[in-house]
Every structure is written in structure tokens, then in C-alpha cells.
Amino acid sequence: MGDGNGADRLIRRIKGVLTARQYVMMDYDIRREHLESAAAITPGLESPTISPLADENWVAVRSMVPAQQTNQLMDELYDLGARAILVTTIHACRV
């Protein structure tokens, strides 16, 4: 199943790899009262993924961010109170 022919699929895959090279995945924990400010720093492509943590005062956030802004964003998030800030590379994506 899928839409488009083989050439369309190949172009989509190449675009996905090129896009992935421009972004990293950033994960971090933040207190709920700072979530709105943190999400404004890392809005992602559509919106960040927010997951509850065992401590109901904290949430985990996951968002694609521009790779060139990684250190600046980590500093801003840390200053806001984010902890366990992790950055991972993305090998491919579809956007």
C-alpha cells in the first residue's frame, strides 16, 4: 500500500533524510507550571509531545528542534527549570 509511484516514494524518502539532517529530537522534563513557556521554546513542527510523569507536577516533553539551535535551546530550557535534557539525532523522517 502507499500513494504515488516509485519515483514519488524515492523523492519523499530523500526529502525525509535531508530534513532529518536539519533537526534533532529534544527530550526533557519540566514542571507543569513552566510547560507553556517551555513549549514556546520548543514548539516542534506541529506541536511538542507531552507525556505525564509519575510525579504529577512534572511532564516529559519531546520535540523536533533545529540542530543549529541545540545548545541555545538547552540553555533556555535549563534556565526555565527543565532537567534530563536529552538530544538525539534523527536519521530519517516524513514531514
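The angle separating the long axis of helix 70-80 from the principal Cα axis of greatest extent in the chain is about 30 degrees. By the count of other C-beta atoms within 10 Å, a proxy for reagent exposure, Tyr28, Tyr78 are ordered fewest to most as Tyr78, Tyr28.
To test your reading of the geometry: what angle, between 0 and 90 degrees and rounded to tens, separates the Cα axis of helix 6-22 from the longest principal axis of the chain? Taking Cα atoms only, the helix is inclined about 30 degrees. Other residues with beta-carbon under 12 Å from the beta-carbon of Ser63 carry, at +1 per Lys or Arg and -1 per Asp or Glu, a net charge of -1. By the count of neighbouring beta-carbon atoms within 10 Å, fewest first, Ile30, Ile85 end up ordered Ile85, Ile30. A full extension of the chain between Arg83 and Ala60 corresponds to an added length of 7.3 nm, given 0.36 nm per residue minus the alpha carbon distance.
Peptides 45-56, 14-25 ranked from most to least packed, by the mean per-residue count of other Cβ atoms within 10 Å: 14-25, 45-56. Computed on the Cα atoms alone, the convex hull of the chain gives a volume of 104 cubic angstrom per residue. Using the Cα centre of the chain as origin and beta-carbon charges of +1 (Lys, Arg) and -1 (Asp, Glu), tell me which of Gly6, Leu86, Thr42 is placed farthest towards the positive end of the dipole. Of the listed residues, the answer is Gly6.
No lab work stands behind these numbers, since they all come straight from the coordinates. Only a predicted model underlies this, so the values are computations on that prediction, with no experimental measurement involved. Virtual Cβ from ideal backbone geometry, glycine too; neighbours counted across all protein chains shown.
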